[in-house]
Structure formats: structure tokens, C-alpha cells
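Q: Have a look at this one before I ask anything.
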Amino acid sequence: MTVIVTGGAGFIGSALVRQLNAAGESVVTVDKLTYAGNLDNLADLKQPALHRFERIDICDRAAIRALYAEVKPKAVYHLAAESHVDRSIDSPAAFIETNVTGSLVLLEAAVEYWRGLDDAGKAAFRHLQVSTDEVYGDAEPDEFFTEASPYKPNSPYAASKAASDHLARAFGRTYGLPILVTNCGNNYGPYQFPEKLIPLMILNALEGRPLPVYGKGDQIRDWIHVDDHAAALRQVMAKGRVGETYLIGARGTRRNLELVHTICALLDDFAPQPTGRKYAEFIRYVTDRPGHDSRYAIDPGKCESELGWKPVYDVTSGLRQTVKWYLENRAWCERAGKHYDRDRIGLAKQG
């Protein structure tokens, strides 16, 4: 049987599709192909005959219903989302449309499809809502988010993801739909669109452009390699208990400035400048993001103990692999970022 991956041409979605495909799963990728969706991300599938791509907006009710009826999926991994916080500050309505309305459309189609299955099919079906740790807001200095942490979103992006998480749980409770929810830390790795911190730093450094660090760079994030996240999603789908939430993290908390200095040091080793200048000299401190959360930190104990999942990469080894990938795949970077000028966005004024 087949699984559907929404947002499967994006960064995290394509990593998941590549893993599922390599494992012999039949996969239908659904993606609208916005600026961050890229079919290049799916160009090297191990078993292309097992993969099918459908360019569909998840807000298109008729198209989603028709796809469910045709494909008859055994499971849906829902990753399609607008995801960049700065963009959500400038254009919150787009985030509500995709992340909330789109999630609702998928859930309504899933209920309709699921109700038509036989008893065995109903028992086997799963809908996995893939979300973010940003729904929990700021973590206290010694706090680690758990599945019991209250939602306190502080950006339009985080609020839209919180709403979609609540919708998924509500559909599980109200209609009996077999729901799973995951919340993950900051992802990094190959194929990430260059608006995000790590690829932006790498590419700007290589081009001799400023490396913008928000505020003092003392914000703490919990980093996880995208391949570890994808493996965890597969494990949640295979072994997770219906109705449960699982926090996915690699115990990889780092201050943003520390992370940027690490990237610069790696580039000094892998691609030293002919002048001998150090890449860290390009760091520039810029006005902080409005409403910027200061710390995220995840306790992945439930995922580790219940599902037997552990990350392969720590931040040190993962960053080395990631920097090398961007150095070796400059053509992908140029194609992916050809319509992205890397100018600062998300500077909405308060009051």
C-alpha cells in the first residue's frame, strides 16, 4: 500500500521521501511547489518507480479528496507548511491559509476516506501531524519541553502550527481519526532552502557577504539533523500510539552565535580564503527579530524510550557533513536560490 507525504518536495519532506523510497515504500508526494519546494530534492531516489509526484495545493478540497479516493493511502505524513518565521511576520495570512486551512482540508478528507475503510483498514490507517517546538514559546533557562508542556506560541508561524496541532487532536477525539503528532527542534542538513540560518551562513560566507546574526546571537536552539528527524517520523508512524504526541530532538542545544562560529571554523578548514582572512570576520550583528523566542530545548525521552529511536548525528558531526554537502553541491544552491535575494525580512514595527 501507499503513503502520502505532503510537502514532500521541501526540505524535511524530501528527506523523508528519500528514506521511505530507499526502504521500498510506495510514496505519493504532494507539493504545491512554492519557492521552497524543489523537485531537485527528489532527483536521486533509489527506486523512482515507487514514487509519484502530484502538484496539489493542500487547500484544494476537491483535489485532495480525489487523491485520497484514488491512492487509498495506508498513512499520511503531513509536512506541508509555510515555515519561515520572518515571512510569517510580514505575511501572517499566508501562514493561516496553508498551515491551518490546509491542515483542516486534509483532516476532513482523511475522515471521509477513513470512514469508508473496512475494520482492518480503519485500524491500520494513521495521520501524522508534523509540527515544531516553537508552539511551546520560550523555554526557561533550565526547562526542557515535554509532551505535557503548555502551548505558548509567540510568532504568527508558531501560532499557525499550534492551531493545526489542535485541529489534529480534535479530529482524533471528535471523529476517532487515528492521529499522531510530533514536535521537533530546528532541522539542518542537505537540501535546505537558503533563507534558513545554516545554509544562509554558509552561502553568504562563501560569497564574501555579511553573516547577519540577530541581536547578540545568544538565542538557544535545539538542533537536529534532517535525516535523524525523518527516521524518527518513520518510527513514530510504525510504533507510535494513536492519539499520542512525541517530541523529537537530538539534545543539540547551541547558541546561535556559537553555531555561526562553528560554521565559520569549518569553512576555514574546508574552503580557506586565498587571502587568509577568517570567515568569522564577516559576522555582523543586526536588529533582532520582533518577538524572538530566546530558548528552545527538547526532552526526547518519550521518543527514545517508547520507540527505541536515537539520532545518528550530534551537532558536531552533523554540521561537518552539512557544510561539506553545500560545498559539493553549489549548482543545487544556485538553482534553489535563484529567486531569493537574501535580503532581510520580518522587521514589522510594534505600536
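Q: Taking segment 273-316 as the region of interest, how many residues are in a loop (DSSP other than H, G, I, E, B) and under 30 Å from Asn183 (Cβ atoms)?
A: The number of residues fulfilling the criteria is 19.
Q: Let me ask you something else. Please pick out the residue among Glu97, Glu112, Glu195 that is of a type outside the set (Val, Ile, Thr), under 27 Å from Gly291 (Cα atoms) and at pLDDT 95 or above.
A: Just one listed residue meets the conditions, Glu97.
Q: Among (1) under 29 Å from Asp40 (Cβ atoms); (2) surrounded by fewer than 14 Cβ atoms within 10 Å (Cβ to Cβ); (3) basic (Lys, Arg), which single condition is Arg284 missing?
A: Condition not satisfied by Arg284: (1).
Q: With (1) part of a loop (DSSP other than H, G, I, E, B); (2) out of contact with any His (no Cβ under 6 Å at 6 or more places or on another chain); (3) farther than 17 Å from Ser294 by Cα; (4) of a type outside the set (A, V, I, L, M) as the list, and Asp218 as the residue in question, which single condition is left unmet?
A: (3)
Q: Can you name the residue in segment 238-265 that is surrounded by fewer than 20 Cβ atoms within 10 Å (Cβ to Cβ) and aliphatic (A, V, I, L, M) and is also nearest to Leu180 (Cα to Cα) among such residues?
A: Out of the qualifying residues, it is Val242.
Q: So Lys310 passes all but one of these: (1) among the charged types (D, E, K, R); (2) touching a residue at least 40 places away in the same chain (Cβ under 8 Å); (3) more than 14 Å from Pro199 (Cβ to Cβ). Which condition number does it fail?
A: (2)
Per-residue answers, yes or no, for (1) touching a residue at least 12 places away in the same chain (Cβ under 8 Å); (2) in contact with a Gly (Cβ under 9 Å, 6 or more places away or on another chain); (3) under 30 Å from Ala23 (Cβ atoms):
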residue: Ala250; (1), (2), (3): yes, yes, yes
residue: Val260; (1), (2), (3): yes, yes, no
residue: Leu266; (1), (2), (3): yes, no, no
residue: Thr275; (1), (2), (3): no, no, no
residue: Val286; (1), (2), (3): yes, yes, no
residue: Pro290; (1), (2), (3): yes, yes, no
residue: Arg295; (1), (2), (3): yes, no, no
residue: Asp299; (1), (2), (3): yes, yes, yes
residue: Cys303; (1), (2), (3): yes, yes, yes
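Q: Restricting to segment 163-185, name every residue that is outside any strand (DSSP E or B), among the aliphatic types (A, V, I, L, M) and closer than 19 Å to Ala123 by Cβ.
A: Matches in segment 163-185: Ala168, Leu177.
Q: Does Glu334 satisfy being out of contact with any Cys (no Cβ under 7 Å at 6 or more places or on another chain), charged (D, E, K, R), surrounded by fewer than 14 Cβ atoms within 10 Å (Cβ to Cβ) and modelled with pLDDT of 95 or more?
A: no
Q: Quick check on my filter: what residues within segment 69-85 are touching a Ser or Thr at 6+ places or on another chain (Cβ under 9 Å) and not in a strand (DSSP E or B)?
A: Once the filter is applied, which keeps residues that are touching a Ser or Thr at 6+ places or on another chain (Cβ under 9 Å) and not in a strand (DSSP E or B), segment 69-85 yields Val71, Lys72, Pro73, Lys74, Leu79, Ala80, Ala81, Glu82, Ser83, Val85.
Q: Continuing with this model, one more query. Would you confirm whether or not segment 137-148 contains a residue that is in a helix (DSSP H, G or I) and either over 14 Å from the mean Cα position of the chain (by Cα) or surrounded by fewer than 23 Cβ atoms within 10 Å (Cβ to Cβ) (or both)?
A: The answer is no, given that none of the residues of segment 137-148 is in a helix (DSSP H, G or I) and either over 14 Å from the mean Cα position of the chain (by Cα) or surrounded by fewer than 23 Cβ atoms within 10 Å (Cβ to Cβ) (or both).
Q: Are there any pairs with C-beta distances below 6 angstrom linking a residue in segment 29-52 that is surrounded by fewer than 18 Cβ atoms within 10 Å (Cβ to Cβ) to a residue that is at pLDDT 95 or above and in a loop (DSSP other than H, G, I, E, B), with the two at least 6 apart or on different chains, and if so which?
A: Correct list of pairs: Leu39/Ala9.
The values are calculated or read from the model by the stated rules, or taken from the named source; none is laboratory data. Just so it is clear, the model here is predicted, and its values are computed rather than measured. Every residue, glycine among them, receives a Cβ derived from its backbone with ideal geometry; neighbour counts consider all protein chains shown.
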